[in-house]
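The values are calculated or read from the model by the stated rules, or taken from the named source; none is laboratory data. Everything quoted here is computed from the prediction, not taken from an experiment. Please note: Cβ atoms are built from the backbone with ideal geometry, for glycine as well, and neighbour counts cover all protein chains shown.
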Amino acid sequence: MSEELLRFIRNYSHDFQNHLQVISGLAQLNRTERIREYIGQISGQLREITKIAVIDPPELAAALLAFQQQVTRYGVPVLVEVQAVASAEWPAAPGNEAPLRQAFGELGALMGFLEGSTGPVALQVAKTEEYLICDLDLPLAGGISVAELERNLVPVNGLLEPLGARAGVVETGFGLQIRLEFPRGEG
């Protein structure tokens, strides 16, 4: 987990410095209205990051932060909705962190087909009696089919299998949805 967080902090620090340079440039051009818009945009990104950062268990939060960062590199925002997720319900085991990190890393790498998409990725984290659920609602983009995305998820499912978890794809009226289900445990 510390690797993901350190990578996230390094990348975020770089992004923050870039934001300051943009604001400085806009100030030099006396574009105060554009500065307000830009700060509003950055504030929205920070709100989404904060929603992920408070997720418990921290292993899931770290993996989702890394995923969010990968997806935004394709120019696609990630909108987050989180229900309460308690760590006592997470299948805690010493070996769970690496497959989780790798699965979300692989999933983030698959999102390149979203580049140029007009809509955001909606991430919902919820729970049922049996599962912790991460739903990724993907905008219509790139002409990728359910079958193709399912084939691309085979390595992700291989990484999730030791956790008793799985990923699947369904078509919705707005695009595709990837659902990741993690069995709830006693902790």
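Points worth noting:
- One residue stands out among those in the range 19-38 that are under 27 Å from GLU81 (Cα atoms) and surrounded by 14 or more Cβ atoms within 10 Å (Cβ to Cβ): the one that is modelled with the lowest pLDDT, which is HIS19.
- Residue that is buried (at least 17 other Cβ atoms within 10 Å of the Cβ) and either touching a strand residue (DSSP E or B) at 6+ places or on another chain (Cβ under 6 Å) or under 18 Å from LEU64 (Cβ atoms) (or both), where the choices are GLY164, GLY175: GLY175
- Those residues of the range 104-139 which are β-branched (Val, Ile, Thr) and under 19 Å from ARG184 (Cβ atoms), in sequence order: VAL125, THR128, ILE133
- Candidates in the range 122-164 are the residues that are out of contact with any Lys or Arg (no Cβ under 9 Å at 6 or more places or on another chain) and among the polar types (S, T, N, Q); of these, the one that is nearest to GLY112 (Cα to Cα) is ASN152.
- LEU114 more than 18 Å from ASP56 (Cα to Cα), in contact with a Pro (Cβ under 8 Å, 6 or more places away or on another chain) and at pLDDT 85 or above: yes
- Here VAL85, VAL125 are screened, and the one residue that is part of a loop (DSSP other than H, G, I, E, B) and either touching a strand residue (DSSP E or B) at 6+ places or on another chain (Cβ under 8 Å) or at pLDDT 85 or above (or both) is VAL85.
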